[in-house]
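Since the structure comes first, as structure tokens, the remarks are kept for the end.
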Amino acid sequence: MIKNIFIMKSTGELLFYKTYEDIFDIKLTSSFLSAIFSFVKQTLKTKELSEIEVGPFRFIFEVEKANSSELMFALFSDRTDNLVELRNQLREIKSEFLQEFDMRNLTENFNGEVSIYQNFEKNVDEIIESKKLVSEEIQKDLIEVFKELHIFSSFVISSALLTQTGRVIVSYLSSNVLSEIIRLLESRFIIGNSRISELISLEEYGILSLVGIGNFISIIQFKKNCPFETSLIISKKFSKRLKKLIM
């Protein structure tokens, strides 16, 4: 889940922020981001700042060069959120912001007035909301199907529905299992192998079954003692039920 979005000058002035979940003090966080950017440039001798993971959270960055200054766009989210999806959202936010506001007023002609940028919140909301893949009604129906799955078989530990790029639609997986799956999907997406048809594997935490449903993937985590044939049958039946709802 996205927690915060920040737009700021690399010199530390906060131009815009949007809070979805109030976790940190905004001023302290913006100071932290400015210090990180300064550290990367001065100590590591690079201006490439992509993402930073802090415990269960992740900062994602996009930097725009503007003459002798830079603008930094940062998105703060759960570490288990899909990096590919969030990166695309942040790039869209950056693109719209740069189209809407004069870069000269943001950099060399900046006078410290930031109130004019607060109306950009509506743009951010539209970008985030447009990424919803299923309606609230379908979401409720999906949750009912997941509940029935867990009642149906004692072999089922947990389950989830993700996009092929790893965006979470519904998940009952533990954070470490979900994080591992998302990293797998992200890495496949980056190398161009972005679509899973069917994948089953024996892991330390049990049998993991992934079944592709168009742009989605149904996932079931089974107990280790579950027969492979049983896990395949349950997975295919489960994915067919989900397919009727989302396609």
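Annotations for the structure displayed:
- Selection within segment 1-23 - without any contact (Cβ under 8 Å) to a residue 24 or more places away in the chain and either closer than 12 Å to Leu75 by Cβ or not in a loop (DSSP other than H, G, I, E, B) (or both): Tyr17, Thr19, Tyr20
- Within segment 177-207, the set of residues being crowded, with 19+ Cβ neighbours inside 10 Å and over 16 Å from the mean Cα position of the chain (by Cα) comprises Gly206, Ile207.
- Any pair with Cβ under 8 angstrom, 6 or more apart, that starts in segment 229-247 at a residue that is among the aromatic types (Phe, Trp, Tyr) and ends at one that is in a helix (DSSP H, G or I): Phe238/Val145; Phe238/Leu149
- Among the residues of segment 40-51, the ones that are modelled with pLDDT of 75 or more and in a helix (DSSP H, G or I) come to 0 in all.
The rows are residues; the columns are (1) at pLDDT 85 or above; (2) more than 30 Å from Asn225 (Cα to Cα); (3) β-branched (Val, Ile, Thr).
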site: Glu62; (1), (2), (3): yes, yes, no
site: Lys94; (1), (2), (3): yes, yes, no
site: Glu113; (1), (2), (3): no, yes, no
site: Ile128; (1), (2), (3): no, yes, yes
site: Lys140; (1), (2), (3): yes, yes, no
site: His150; (1), (2), (3): yes, no, no
site: Val156; (1), (2), (3): yes, no, yes
site: Gln164; (1), (2), (3): no, no, no
site: Ile169; (1), (2), (3): yes, no, yes
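- Every residue from segment 171-180 that is at pLDDT 90 or above and either farther than 12 Å from Ile220 by Cβ or not hydrophobic (A, V, I, L, M, F, W, C) (or both): Ser171, Tyr172, Ser174
The values are calculated or read from the model by the stated rules, or taken from the named source; none is laboratory data. Since the structure is predicted, the reported quantities are computational estimates derived from the model, not experimental observations. With ideal geometry, Cβ positions are generated from the backbone for all residues, glycine too; neighbour counts draw on all protein chains shown.
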